[in-house]
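Below: one structure, written as C-alpha coordinates.
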Amino acid sequence: MSSSRLGLRLAACLLNISEARRKNIVENIAKAALLEKNGQKHPEVSVLNIFSDRDYNRSVITIAASVDDLGNSVLAACLEAFQSINMELQEGVHPCLGAVDLIPIYPLSGVSVEECGAVARSLAESLLLRAPSCSLFLFGEADLPEKRTLVQRRKQLGWFTRRDFSALEPDLGAAPARRCGLTEKQ
(Lines give C-alpha, C1' and ligand atoms only; values in the text may rest on other atoms or scores of the structure.)
Protein backbone atom coordinates (compact mmCIF):
# COMPACT_ATOMS: atom_id res chain seq x y z
CA MET A 1 0.00 0.00 0.00
CA SER A 2 1.47 3.37 -0.93
CA SER A 3 2.02 5.97 1.74
CA SER A 4 -0.19 8.46 -0.13
CA ARG A 5 -3.14 6.07 0.35
CA LEU A 6 -2.46 6.17 4.07
CA GLY A 7 -2.79 9.96 4.01
CA LEU A 8 0.87 10.65 4.70
CA ARG A 9 2.06 13.93 3.24
CA LEU A 10 5.82 13.72 3.36
CA ALA A 11 8.62 15.95 2.12
CA ALA A 12 12.38 15.95 2.50
CA CYS A 13 15.10 18.56 2.72
CA LEU A 14 18.65 17.88 1.62
CA LEU A 15 20.20 20.53 3.85
CA ASN A 16 23.69 21.43 2.61
CA ILE A 17 25.97 22.92 5.25
CA SER A 18 29.55 24.12 4.96
CA GLU A 19 31.06 21.78 7.54
CA ALA A 20 32.29 18.19 7.40
CA ARG A 21 35.53 18.14 9.34
CA ARG A 22 34.05 18.73 12.79
CA LYS A 23 31.71 15.77 13.23
CA ASN A 24 30.23 17.08 16.48
CA ILE A 25 28.99 20.26 14.77
CA VAL A 26 27.40 18.29 11.91
CA GLU A 27 25.72 15.97 14.43
CA ASN A 28 24.46 18.90 16.54
CA ILE A 29 22.90 20.47 13.45
CA ALA A 30 21.19 17.17 12.59
CA LYS A 31 20.00 16.77 16.20
CA ALA A 32 18.52 20.27 16.15
CA ALA A 33 16.24 19.18 13.31
CA LEU A 34 14.91 16.33 15.43
CA LEU A 35 13.88 18.32 18.49
CA GLU A 36 10.67 20.14 19.26
CA LYS A 37 10.74 23.55 20.95
CA ASN A 38 10.43 21.87 24.36
CA GLY A 39 13.61 19.86 23.71
CA GLN A 40 11.82 16.53 23.26
CA LYS A 41 12.39 14.45 20.12
CA HIS A 42 9.81 15.22 17.47
CA PRO A 43 8.09 11.87 16.73
CA GLU A 44 7.41 12.65 13.08
CA VAL A 45 10.81 13.96 11.96
CA SER A 46 13.70 11.77 10.84
CA VAL A 47 17.24 12.37 9.73
CA LEU A 48 17.60 9.75 7.04
CA ASN A 49 21.24 10.30 6.15
CA ILE A 50 24.27 12.47 6.76
CA PHE A 51 26.83 12.57 3.97
CA SER A 52 30.05 14.43 4.73
CA ASP A 53 32.93 15.15 2.38
CA ARG A 54 36.02 16.22 4.33
CA ASP A 55 37.86 17.57 1.26
CA TYR A 56 34.88 19.71 0.26
CA ASN A 57 34.20 20.46 3.95
CA ARG A 58 30.53 20.16 3.21
CA SER A 59 27.77 17.90 4.53
CA VAL A 60 24.29 17.05 3.32
CA ILE A 61 21.77 16.22 6.03
CA THR A 62 18.62 14.55 4.70
CA ILE A 63 15.65 15.48 6.86
CA ALA A 64 12.22 13.91 6.24
CA ALA A 65 8.95 14.88 7.88
CA SER A 66 5.35 15.65 7.23
CA VAL A 67 5.11 18.69 5.00
CA ASP A 68 3.57 20.56 7.94
CA ASP A 69 6.51 19.83 10.27
CA LEU A 70 9.46 20.00 7.88
CA GLY A 71 9.84 23.80 7.88
CA ASN A 72 10.26 24.07 11.65
CA SER A 73 12.74 21.19 11.74
CA VAL A 74 14.86 22.67 8.96
CA LEU A 75 14.65 26.10 10.63
CA ALA A 76 16.08 24.68 13.86
CA ALA A 77 18.92 22.99 11.95
CA CYS A 78 19.69 26.19 10.03
CA LEU A 79 19.81 28.29 13.20
CA GLU A 80 22.23 25.81 14.77
CA ALA A 81 24.37 25.91 11.62
CA PHE A 82 24.45 29.72 11.55
CA GLN A 83 25.54 29.72 15.18
CA SER A 84 28.18 26.97 14.77
CA ILE A 85 29.79 27.66 11.37
CA ASN A 86 31.89 30.73 10.67
CA MET A 87 32.46 31.20 6.94
CA GLU A 88 35.41 33.49 7.64
CA LEU A 89 37.25 30.40 8.90
CA GLN A 90 35.76 27.81 6.53
CA GLU A 91 38.17 26.11 4.14
CA GLY A 92 37.48 23.40 1.61
CA VAL A 93 37.65 22.46 -2.06
CA HIS A 94 33.92 23.07 -2.63
CA PRO A 95 33.01 26.70 -3.39
CA CYS A 96 30.76 26.97 -0.32
CA LEU A 97 28.97 30.28 -0.14
CA GLY A 98 27.18 30.06 3.18
CA ALA A 99 27.13 28.30 6.53
CA VAL A 100 23.85 26.94 5.24
CA ASP A 101 24.65 26.67 1.58
CA LEU A 102 21.58 25.11 0.02
CA ILE A 103 18.07 24.20 1.24
CA PRO A 104 16.27 22.18 -1.44
CA ILE A 105 12.90 20.72 -0.44
CA TYR A 106 11.42 17.79 -2.34
CA PRO A 107 8.06 15.98 -2.27
CA LEU A 108 8.10 12.38 -1.09
CA SER A 109 4.45 11.37 -0.83
CA GLY A 110 1.13 13.15 -1.25
CA VAL A 111 2.81 16.57 -1.65
CA SER A 112 3.22 18.68 -4.78
CA VAL A 113 6.35 20.50 -5.87
CA GLU A 114 4.39 23.75 -5.51
CA GLU A 115 3.67 22.93 -1.85
CA CYS A 116 7.38 22.35 -1.30
CA GLY A 117 8.02 25.80 -2.80
CA ALA A 118 5.50 27.28 -0.36
CA VAL A 119 7.28 25.54 2.55
CA ALA A 120 10.59 26.94 1.29
CA ARG A 121 9.20 30.49 1.09
CA SER A 122 7.70 30.22 4.57
CA LEU A 123 11.00 28.86 5.87
CA ALA A 124 12.83 31.80 4.25
CA GLU A 125 10.57 34.27 6.04
CA SER A 126 11.11 32.46 9.35
CA LEU A 127 14.87 32.47 8.83
CA LEU A 128 14.81 36.22 8.30
CA LEU A 129 12.95 36.73 11.58
CA ARG A 130 15.26 34.47 13.58
CA ALA A 131 18.57 35.15 11.75
CA PRO A 132 18.20 38.65 10.31
CA SER A 133 21.79 38.73 9.04
CA CYS A 134 21.21 35.86 6.62
CA SER A 135 20.96 36.42 2.86
CA LEU A 136 18.59 34.27 0.85
CA PHE A 137 18.58 33.56 -2.86
CA LEU A 138 15.54 31.65 -4.11
CA PHE A 139 15.26 29.14 -6.94
CA GLY A 140 12.74 26.68 -8.33
CA GLU A 141 9.20 26.80 -6.97
CA ALA A 142 10.25 29.17 -4.18
CA ASP A 143 11.40 31.75 -6.76
CA LEU A 144 8.10 33.19 -7.89
CA PRO A 145 7.28 34.23 -10.51
CA GLU A 146 10.60 33.54 -12.29
CA LYS A 147 11.17 29.96 -11.07
CA ARG A 148 14.84 30.18 -12.00
CA THR A 149 16.73 26.91 -11.76
CA LEU A 150 19.56 26.39 -9.32
CA VAL A 151 22.03 26.44 -12.23
CA GLN A 152 20.65 29.80 -13.42
CA ARG A 153 20.91 31.28 -9.93
CA ARG A 154 24.44 30.04 -9.45
CA LYS A 155 25.52 31.53 -12.77
CA GLN A 156 23.93 34.86 -11.78
CA LEU A 157 25.75 34.77 -8.44
CA GLY A 158 29.12 33.90 -9.96
CA TRP A 159 29.06 30.81 -7.77
CA PHE A 160 32.31 29.28 -9.01
CA THR A 161 34.30 32.51 -9.18
CA ARG A 162 33.01 35.11 -6.71
CA ARG A 163 34.27 35.23 -3.16
CA ASP A 164 33.27 38.83 -2.35
CA PHE A 165 29.53 38.65 -1.78
CA SER A 166 28.97 42.14 -0.41
CA ALA A 167 27.81 43.59 -3.75
CA LEU A 168 25.14 40.91 -4.26
CA GLU A 169 21.50 41.80 -3.67
CA PRO A 170 19.65 38.85 -2.14
CA ASP A 171 16.02 38.02 -2.85
CA LEU A 172 15.39 38.23 0.90
CA GLY A 173 17.46 39.50 3.77
CA ALA A 174 20.54 41.62 4.22
CA ALA A 175 23.53 41.83 1.91
CA PRO A 176 25.66 38.72 2.42
CA ALA A 177 27.87 38.92 5.50
CA ARG A 178 31.15 37.03 5.41
CA ARG A 179 30.47 35.10 8.63
CA CYS A 180 27.18 33.51 7.48
CA GLY A 181 27.64 33.79 3.71
CA LEU A 182 24.56 33.27 1.59
CA THR A 183 21.89 30.61 1.31
CA GLU A 184 20.04 29.30 -1.75
CA LYS A 185 16.51 28.00 -1.19
CA GLN A 186 14.05 26.06 -3.27
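When you count the other C-beta atoms within 10 angstrom of each residue and take the mean per peptide, 64-70, 75-81 line up highest first as 75-81, 64-70.
Rank these residues by their accessible area, most exposed first, probe 1.4 Å: 62, 149. Please report the intermediate quantities before stating the final value.
On the way: 62 25, 149 70 Å².
From most exposed to least exposed: 149, 62.
Relative contact order of the range 1-153, taken over Cα pairs closer than 8 Å and 6 or more residues apart, is 29 percent.
Computed about its Cα centre, the charge dipole of the range 19-75 is approximately 320 debye, with only Lys, Arg, Asp and Glu carrying charge at their Cβ.
Computed over Cα pairs, the Kirkwood radius of the range 12-78 leads via Stokes-Einstein (0.692 mPa s, 37 °C) to a diffusion coefficient of 279 µm² per second. Here the simple spin-label model places points 7 Å from the Cα toward Cβ, and for residue 24 and residue 41 these points are separated by 2.2 nm. The figure for residue 103 is an accessible area of roughly 0 square angstrom, using a 1.4 Å probe on the protein chains alone.
The values are calculated or read from the model by the stated rules, or taken from the named source; none is laboratory data. Here the structure is a predicted model, which means the values were calculated and not measured. Glycine gets a Cβ as well: all are built from the backbone with ideal geometry, and neighbour counts include every protein chain shown. When the accessible area is computed, the model is the full protein with side chains, heavy atoms only, and any ligands, DNA or RNA have been set aside. Shrake-Rupley method; radii C 1.70, N 1.55, O 1.52, S 1.80 Å.
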